[in-house]
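See below for the structure under consideration.
The values are calculated or read from the model by the stated rules, or taken from the named source; none is laboratory data. Source: prediction; values computed, not measured. Cβ placement follows ideal geometry from the backbone for every residue including glycine, while neighbour counts extend to all protein chains displayed.
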Amino acid sequence: MKALVFDGSLKIQETPIPQPKEHEALIKILFSSICNTDLEIIKGYMGFTGILGHEFVGEVVNRSSDFYGKTVVGEINCPCGTCYLCKTGRKTHCPNRTVLGIQGHPGVFAGYIVLPEENLKIVPGNLPLTSAVFTEPLAAAIEIFEQVQIKPSQHVFIFGAGKLGLLISQVFRLNGCDYTTFDTHGPKIKKAIETGIHAKELSALGESEKAEICIDCTGNPAGINLALAHLYPRGKLILKTTVAQSEKIDLNQIVIHEFELIGSRCGVFESALRLLSQELVNPQPLITAIFPFDDILQAFHTAMQPDSLKILIRHGS
Ligand SMILES: [Zn+2]
Ligand SMILES: [Zn+2]
């Protein structure tokens, strides 16, 4: 099969089709999408080499699987299931885990992948494949609500109107919060407003304006300091940005203002699939372009452009 391999540079290579073991599924990839994490990995984040990609929808093709013939999405963390963190409900933090296309597990920019069956969720029949591919990033957006109690009466600032920022904004809109999404990039704000998000240019945010909850999904190392500057004392800062380059922050201000900092990563797939299939979140306006797999290098180039939101890859014929 053809696969997009990163080993310091990106190239399409012929690689063997992976072989599933017991309780594993062989999945033919139908659509995948490019995440900011992929763009950071090629800048050195996580030190990963191998087949990239973790956002996908596919079909299970090995008859030995209970999911044979089903259209599925899959959780990206493959934990050991036996360590202390696994046994105390923190499987996504298992120190022995591999992570699809990020750590020790070949990713989805390929013809096929193998994943444990317990990672799979069946895609509801009414859900377009080009929406199902958003399950993983939407689950990451929903994770905020698993971690933090957010009251509809609270003021929320979301920094970054990129792919993840717009999904997070849609979930906050559902919650009834008084939220505003900020970005420095005019076309992204325009797009956000078109999709019904309450969005403004960052330049419209006064220096003294503050919120109870700030979310950094700028994808920029400087985002954390920006978000901290607009947080009320005892406010909560939720960090969604993962970047190759890290930023220095003054910890004194966290002590003085009693800020709470909450790192936030992967979320629950069931909730994401429910919001998508009930059309409570609509990811379709976030699709900038769909490329065939053979043009995936060009797709990466497009994904790096400042105006781009989600780039999808169509696999197979
Ligand atoms: Zn992702
Ligand atoms: Zn474990």
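Worth a mention:
- Cβ-Cβ under 6 Å pairs, at least 6 apart or on other chains, the stretch 75-87 side at positive phi, far side near ligand 2 (Cβ under 8 Å from one of its atoms): none
- Test: residue in the stretch 16-24 that is at pLDDT 95 or above and part of a strand (DSSP E or B): yes
- The stretch 75-92 - residue that is crowded, with 16+ Cβ neighbours inside 10 Å and under 21 Å from the mean Cα position of the chain (by Cα) and, of those, nearest to ligand 2 (Cβ to nearest atom): 79
- Residue ranges of strands (runs of 3 or more DSSP E) in the stretch 236-314 with at least 2 members out of contact with any Ser or Thr (no Cβ under 6 Å at 6 or more places or on another chain): 260-263, 287-292
- Odd one out for residue 208 among (1) more than 16 Å from ligand 2 (Cβ to nearest atom); (2) in contact (Cβ under 8 Å) with a residue 12 or more places away in the chain; (3) over 27 Å from residue 298 (Cα atoms): (2)
- Among (1) more than 16 Å from ligand 1 (Cβ to nearest atom); (2) in contact (Cβ under 8 Å) with a residue 24 or more places away in the chain; (3) over 30 Å from residue 227 (Cα atoms) - the single one residue 69 does not satisfy: (2)
- Taken over the stretch 164-198, residues that are at pLDDT 95 or above, farther than 26 Å from residue 55 by Cα and in contact with a helix residue (DSSP H, G or I) (Cβ under 8 Å, 6 or more places away or on another chain) amount to 2.
- Some residue of the stretch 105-124 being surrounded by fewer than 18 Cβ atoms within 10 Å (Cβ to Cβ), assigned to a loop (DSSP other than H, G, I, E, B) and touching a Pro at 6+ places or on another chain (Cβ under 7 Å): no
- Filtered by the rule that a residue be closer than 25 Å to residue 140 by Cα and in a helix (DSSP H, G or I), the stretch 201-233 gives 202, 223, 224, 225, 226, 227, 228, 229.
- From 34, 42, 12, residue being buried (at least 18 other Cβ atoms within 10 Å of the Cβ) and not aromatic (Phe, Trp, Tyr): 34
- Qualifying residue in the stretch 251-261 (condition: within 15 Å of the chain's Cα centre (by Cα), surrounded by fewer than 18 Cβ atoms within 10 Å (Cβ to Cβ) and without any contact (Cβ under 8 Å) to a residue 60 or more places away in the chain): no
- Restricting the stretch 276-317 to residues that are β-branched (Val, Ile, Thr) and over 17 Å from the mean Cα position of the chain (by Cα) leaves a set whose member that is nearest to residue 110 (Cα to Cα) is 296.
- Residue check for residue 19: under 18 Å from residue 292 (Cα atoms), assigned by TED's automatic domain parsing to the domain that holds residue 68, over 16 Å from the mean Cα position of the chain (by Cα) and of a type in the set (S, T, N, Q): no
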